[in-house]
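The values are calculated or read from the model by the stated rules, or taken from the named source; none is laboratory data. Everything numeric here is computed off the predicted structure, so don't read it as measured data. Don't worry about glycine lacking a Cβ; one is built from the backbone with ideal geometry, like all the others, and counts go over all protein chains shown. Just so you know, the surface numbers come from the protein's heavy atoms only, side chains and all, with ligands and any DNA or RNA stripped out. Shrake-Rupley method; radii C 1.70, N 1.55, O 1.52, S 1.80 Å.
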Amino acid sequence: DAAAPDDAAPNAAPDAAPDAAPRGPEPLPFPDDFLLGTATAGFQVEMGCPTLPPEECEDRHSDWYAFITSPETLGDANTHLNGDPPTFGPGFWETYESDLDLARDTLHSNGFRMGIEWSRVFPVPTDQAETLDDLRALADADAVAHYHAILAAVRARGMTPLVTVNHYTLPDWIHDAVGCHQDLAACDRRGWLDRERTVREIAKYAGFLGAEFGDQVDLWATENEPFALLLPGYLLPSAERSNPPAVSLHFDDAKVVLRALVEGHARMYDALHAADPTALVGVVYNLTPARPADPTDPLDVQAAANFFYVWNEVYMNGVGAGMLDEDLDGTAEPRPDLAGRLDFVGVNYYTRVTVDGVARSALPALSPLLTFNPLNLVLWEDYPRGLYEMIAYVNDTFGVPAIVTENGTMDPFETRASFLVRH
């Protein structure tokens with residue numbers, strides 16, 4: 001596959017015809033120390049316990065919980081909510097022992113990616129906390145003990161945990177998801193838009209996690225898919241993906257959030273290392289290669305480069321090189337307080353984008369670099385080589401290891417085992 005031409009049929013059948021030439025040598029087995037794991041996110045898997053009462057299982061202090069359960073957002077078509085309650089969740093908060101058995105015994109996982117929900121650990125504000133003892137006094141002791149038990153269960157099965165500090169959700173005391181959806185300018189708890197406060201408090205949270213769980217966790221990811229939070233939250237919520245506050249075309253607000261997410265990673269990185277100097281701290285990003293629809297058309301070539309820059313490089317250059325392009329215009333300013341804060345990059349890889357270029361930006365208020373025709377974007381392509389390309393991008397650009405933290409397909413007609421094997 002490494003020698004396949006770039007213009008090969010993107011959806012060619014994975015299996016050669018019986019009379020075709022051999023595909024090459026059999027793949028090598030993974031090394032003994034290779035981590036092959038399963039990835040989860042707290043809000044997505046914890047709730048829906050089979051026997052625990054909802055008040056013991058549900059995380060009712062997060063912005064996402066309010067967003068998906070409040071009549072104001074459920075009744076608003078612009079949120080694109082289907083009404084499924086948290087009780088439809090998989091129930092990992094209760095069933096983690098049997099779920100981890102499945103991961104080890106059926107999937108043969110020796111790695112496990114999970115989150116620790118900020119709103120479970122700190123259901124009350126931490127603004128006045130100045131020391132670790134102050135934070136311990138405010139933390140929910142039962143939630144902390146429960147996460148200790150989950151991590152102990154992971155390690156007891158010979159699995160290495162990778163913990164995500166912030167997998168989208170925020171405590172309701174820092175983000176009023178319902179109020180901000182209704183009126184982003186007037187709501188009083190604006191999450192990442194309250195840049196200084198949220199960055200300060202999430203750094204405290206990360207430092208607490210490092211001190212509390214550092215003896216159980218060596219691999220930390222600060223954030224999950226920052227741009228995938230920004231796009232459906234502040235620019236284009238849709239039926240396919242909607243994140244609170246789910247407002248459309250808030251270009252200036254999106255830029256503030258982007259800066260806050262870059263700064264938030266850096267401050268969490270610093271706090272985790274201060275609490276646990278031996279920790280390895282990275283970020284999980286959905287890196288996406290882009291190709292020109294016509295490699296001989298200069299507009300298409302430039303559009304693909306611009307797309308890759310805005311989607312991938314603006315954030316990654318901020319946290320990896322300390323070069324922050326706040327205006328998304330291709331001009332980055334040096335920020336030494338952000339530079340070099342990557343021990344690894346978690347690569348979430350799904351697909352490649354094909355770009356049809358135009359002379360002017362499709363969204364000039366967001367970025368002059370978005371020179372593509374949005375109607376002609378090809379957003380889902382079965383392209384296994386892209387995983388290699390994004391790992392090489394991480395290695396070559398930032399000089400740090402890549403850990404593949406997510407890979408898979410949402411295509412109901414795709415055999416998921418085949419997809420994973422080919423990748």
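Of all residues in the range 142-156, at least one satisfies being free of Cβ contacts under 8 Å to residues at least 40 places away in the same chain, of a type outside the set (A, V, I, L, M, F, W, C) and open to solvent by 30 Å² or more (accessible area, probe 1.4 Å).
Checking the structure you have, find out if any residue of the range 79-96 is in contact (Cβ under 8 Å) with a residue 60 or more places away in the chain, open to solvent by less than 10 Å² (accessible area, probe 1.4 Å) and either in contact with a Pro (Cβ under 9 Å, 6 or more places away or on another chain) or in a strand (DSSP E or B) (or both).
Within the range 79-96, one or more residues are in contact (Cβ under 8 Å) with a residue 60 or more places away in the chain, open to solvent by less than 10 Å² (accessible area, probe 1.4 Å) and either in contact with a Pro (Cβ under 9 Å, 6 or more places away or on another chain) or in a strand (DSSP E or B) (or both).
Of the residues making up the range 27-76, those that are in contact with an Asp or Glu (Cβ under 8 Å, 6 or more places away or on another chain), part of a loop (DSSP other than H, G, I, E, B) and farther than 30 Å from Leu420 by Cα are Pro50, Thr51, Leu52, Asp59, His61. The set of residues in the range 103-141 being assigned to a loop (DSSP other than H, G, I, E, B), open to solvent by 60 Å² or more (accessible area, probe 1.4 Å) and acidic (Asp, Glu) consists of Glu130 alone.
I want to confirm something. Restricting to the range 159-201 and keeping residues that are among the polar types (S, T, N, Q) and open to solvent by less than 20 Å² (accessible area, probe 1.4 Å), which single residue is farthest from Gly37 (Cα to Cα)? Among those residues, the one meeting the criterion is Thr198.
Among the listed residues Leu287, Leu258, which satisfies the condition of being in a loop (DSSP other than H, G, I, E, B) and under 17 Å from the mean Cα position of the chain (by Cα)? Testing whether each residue is in a loop (DSSP other than H, G, I, E, B) and under 17 Å from the mean Cα position of the chain (by Cα) leaves just Leu287.
Within the range 229-250, the set of residues being open to solvent by 40 Å² or more (accessible area, probe 1.4 Å) and either among the hydrophobic types (A, V, I, L, M, F, W, C) or within 23 Å of Asp329 (Cα to Cα) (or both) comprises Leu231, Leu236, Ala239, Ser248, Leu249, His250. Taken over the range 343-359, the residue count meeting the criterion of being surrounded by 22 or more Cβ atoms within 10 Å (Cβ to Cβ), more than 15 Å from Phe227 (Cβ to Cβ) and of a type in the set (A, V, I, L, M) is 1.
If you go through the range 313-337 and pick out every residue that is among the β-branched types (Val, Ile, Thr) and either touching a residue at least 24 places away in the same chain (Cβ under 8 Å) or buried (at least 18 other Cβ atoms within 10 Å of the Cβ) (or both), you end up with 2. Assessment of the range 177-186 against the conditions (small (Gly, Ala, Ser) and assigned to a loop (DSSP other than H, G, I, E, B)) yields at least one matching residue. Within the range 404-414, none of the residues are part of a loop (DSSP other than H, G, I, E, B) and at pLDDT 95 or above.
At pLDDT below 95, outside any helix (DSSP H, G or I) and either open to solvent by 10 Å² or more (accessible area, probe 1.4 Å) or not aromatic (Phe, Trp, Tyr) (or both): does that describe Gly340?
yes
Leu100 meets all of the listed conditions (1) in a helix (DSSP H, G or I); (2) closer than 22 Å to Tyr168 by Cα but one, namely (2). Looking for something modelled with pLDDT of 95 or more, open to solvent by less than 70 Å² (accessible area, probe 1.4 Å) and in a strand (DSSP E or B) - is there at least one such residue anywhere in the range 386-403? For the range 386-403, residues modelled with pLDDT of 95 or more, open to solvent by less than 70 Å² (accessible area, probe 1.4 Å) and in a strand (DSSP E or B): present.
Applying the condition of being of a type in the set (A, V, I, L, M) and crowded, with 20+ Cβ neighbours inside 10 Å to the range 280-298 and asking which residue is nearest to Thr405 (Cα to Cα) yields Val284. Is one or more of the residues making up the range 52-61 out of contact with any Leu (no Cβ under 8 Å at 6 or more places or on another chain) and touching a residue at least 60 places away in the same chain (Cβ under 8 Å)? Checked against the condition, which is being out of contact with any Leu (no Cβ under 8 Å at 6 or more places or on another chain) and touching a residue at least 60 places away in the same chain (Cβ under 8 Å), the range 52-61 yields at least one hit. Remark: pairs (first residue in the range 173-193, touching a residue at least 24 places away in the same chain (Cβ under 8 Å); second residue outside any loop (DSSP other than H, G, I, E, B) and hydroxyl-bearing (Ser, Thr, Tyr); Cβ separation under 7 Å; 6+ apart in sequence or on different chains) = Ile174/Thr198; Val178/Thr73; His181/Thr73; His181/Thr79; Gly191/Thr198; Trp192/Thr198. From the list Val310, Val301, the lone residue that is surrounded by fewer than 19 Cβ atoms within 10 Å (Cβ to Cβ) and out of contact with any helix residue (DSSP H, G or I) (no Cβ under 8 Å at 6 or more places or on another chain) is Val301. Number of residues in the range 194-235 that are in a loop (DSSP other than H, G, I, E, B), farther than 27 Å from Leu287 by Cβ and in contact (Cβ under 8 Å) with a residue 40 or more places away in the chain equals 2. Applying the condition of being modelled with pLDDT under 90 and over 25 Å from the mean Cα position of the chain (by Cα) to the range 362-383 and asking which residue is surrounded by the fewest Cβ atoms within 10 Å (Cβ to Cβ) yields Leu375.
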